[in-house]
1. Can you pull out the residues in region 126-147 that are open to solvent by less than 70 Å² (accessible area, probe 1.4 Å) and either not hydrophobic (A, V, I, L, M, F, W, C) or not in a loop (DSSP other than H, G, I, E, B) (or both)?
2. Could you tell me whether any residue of region 325-348 is under 21 Å from Asp366 (Cα atoms), assigned to a loop (DSSP other than H, G, I, E, B) and out of contact with any Asp or Glu (no Cβ under 9 Å at 6 or more places or on another chain)?
3. Where residues in region 156-192 are outside any loop (DSSP other than H, G, I, E, B) and of a type in the set (S, T, N, Q), which of them is surrounded by the fewest Cβ atoms within 10 Å (Cβ to Cβ)?
4. Just name the residue that is modelled with the lowest pLDDT out of those in region 217-239 that are closer than 23 Å to Asp277 by Cα and small (Gly, Ala, Ser).
5. Could you say which residue among Arg296, Arg300, Arg285 is charged (D, E, K, R), more than 30 Å from Gly173 (Cβ to Cβ), in a strand (DSSP E or B) and open to solvent by 30 Å² or more (accessible area, probe 1.4 Å)?
6. Hey, among the residues in region 355-384 that are open to solvent by less than 30 Å² (accessible area, probe 1.4 Å) and outside any loop (DSSP other than H, G, I, E, B), which one's nearest to Thr324 (Cα to Cα)?
7. Hey, among Ala276, Ala297, Ala291, Ala265, which residue is under 15 Å from Glu188 (Cα atoms) and among the hydrophobic types (A, V, I, L, M, F, W, C)?
Amino acid sequence: MLMSLTRDERARAVGTRTPSDEEWDDFLRRAAQEGDAGAPKEPSARAREVSARLRNTGEPEGWRTWPASRVTNGTARGRRRKTWAAVGVLVALGLAVVAVKPDLVTDRLPGGGAEAAAADPLPAETARPGTAPPEELLPDLPTLEEPFRGSPALRWADGAEGIEVPAAKAVGGLTEEQVAAALGTTRELLIAANLDPGVRRGEHPEKALELFDPHQEKGADTLREALSKPRRDLDPTTMFSRFDPSEVRPVGDVVKTRGRLTYEADKRPGGVLVHADYTFVYPLRQARPGATEVARAVVRREMTVAFYDPARYGTTPGKLFLITWNSASGNNDCARPADGHLHPMFQSDLLASPQPTKGEPIDPYDRSKPLDALPKECRPATRT
């Protein structure tokens, strides 16, 4: 029962800090107002056993970067070696009482339901934020009707609306029109790789691959190899958001997006480098018929592409060169072998197979640090 939770258990239930006695009493009063019909039923022996296992074993393992391997990427400057960095996360769970009766928390807390849905959208991101979005004391859980409930992404832009192109200026010996074209093509690539409904269902991302210059020796060909023969050191999910349709289905049509595009002149005349740093939030449910539990996958990508003046270098007009790309994914089962898909975990999965916590938790919504600054092993996530 709720009243029997200790202060430490309360802290684990909310996943942030220990609520004060006054805060906890206020929460209990709100729950009690619903009467017996709104209160959770006494957990079964199986539920009590699972809850005890969670308390004894801690929260599940999470955030991991697989050992970085190196591949050769060709560019107009010649061949150079670049690093793939694939990162995965499992979401940390609270106590079983929330899983047994999640609507006790999600339906009664301030900030849930229509109030949360009416939250003002954030202005576009124009620079790296200084801190992570604040965490709520008692976060709401997502539902089929409100899949972004309890998430900072609730105030983010929807899909492609969140990928804004900055004003173009002539740089690096390129005209304003050429720079604008490079920015627009980079936006197309982000949309095709991360937001295309077919790609999210696990289909081949041909539209994205066609945006790369065929003159690049190890550009699109490297990605095609990753798609056909995925492995730890050549994982296509570092570039493409692909889920296994036999495991999960999207909840609704909206993917939340936040990030920014920047650009600078290349070191050689007639070239511009475009830098992208975006986080995408995907709500999902299990593929089995009648499944109602919602999980979110949080995928952040950093990427640099280049556009070179065809008149100078003989490159293909309107096509990009892939320079570097890194990815971090919150709520991705990093124990699974690489198969070209992201594998989000659900609370029911983690209740059935709890794992010990390893390492300091990481917030997948924290955009204040570059991906290179993140730990290189699995870590628990503070939230999804």
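1. Narrowing region 126-147 to residues open to solvent by less than 70 Å² (accessible area, probe 1.4 Å): 127, 129, 132-133, 137-144, 146-147.
Of everything in region 126-147, those that are open to solvent by less than 70 Å² (accessible area, probe 1.4 Å) and either not hydrophobic (A, V, I, L, M, F, W, C) or not in a loop (DSSP other than H, G, I, E, B) (or both) turn out to be Pro129, Pro133, Pro139, Asp140, Pro142, Thr143, Glu146, Pro147.
2. The answer is yes; a qualifying residue exists.
3. First, the residues of region 156-192 that are outside any loop (DSSP other than H, G, I, E, B): 157-162, 176-192.
Retained after the next criterion (residues that are of a type in the set (S, T, N, Q)): 178, 185-186.
Values: Gln178: 24, Thr185: 17, Thr186: 23.
Ranking the qualifying residues of region 156-192, first place goes to Thr185.
4. Top of the filtered list is Gly219.
5. Details: Arg296 fails: open to solvent by 30 Å² or more (accessible area, probe 1.4 Å); Arg300 fails: open to solvent by 30 Å² or more (accessible area, probe 1.4 Å).
Every option except Arg285 fails the conditions.
6. Leu371
7. Working: Ala297 fails: under 15 Å from Glu188 (Cα atoms); Ala291 fails: under 15 Å from Glu188 (Cα atoms); Ala265 fails: under 15 Å from Glu188 (Cα atoms).
Just one listed residue meets the conditions, Ala276.
The values are calculated or read from the model by the stated rules, or taken from the named source; none is laboratory data. Please read all numbers here as calculations on a predicted model, not as lab measurements. Cβ sites come from the backbone with ideal geometry, for glycine too, and all protein chains shown count toward neighbours. Just so you know, the surface numbers come from the protein's heavy atoms only, side chains and all, with ligands and any DNA or RNA stripped out. Shrake-Rupley method; radii C 1.70, N 1.55, O 1.52, S 1.80 Å.
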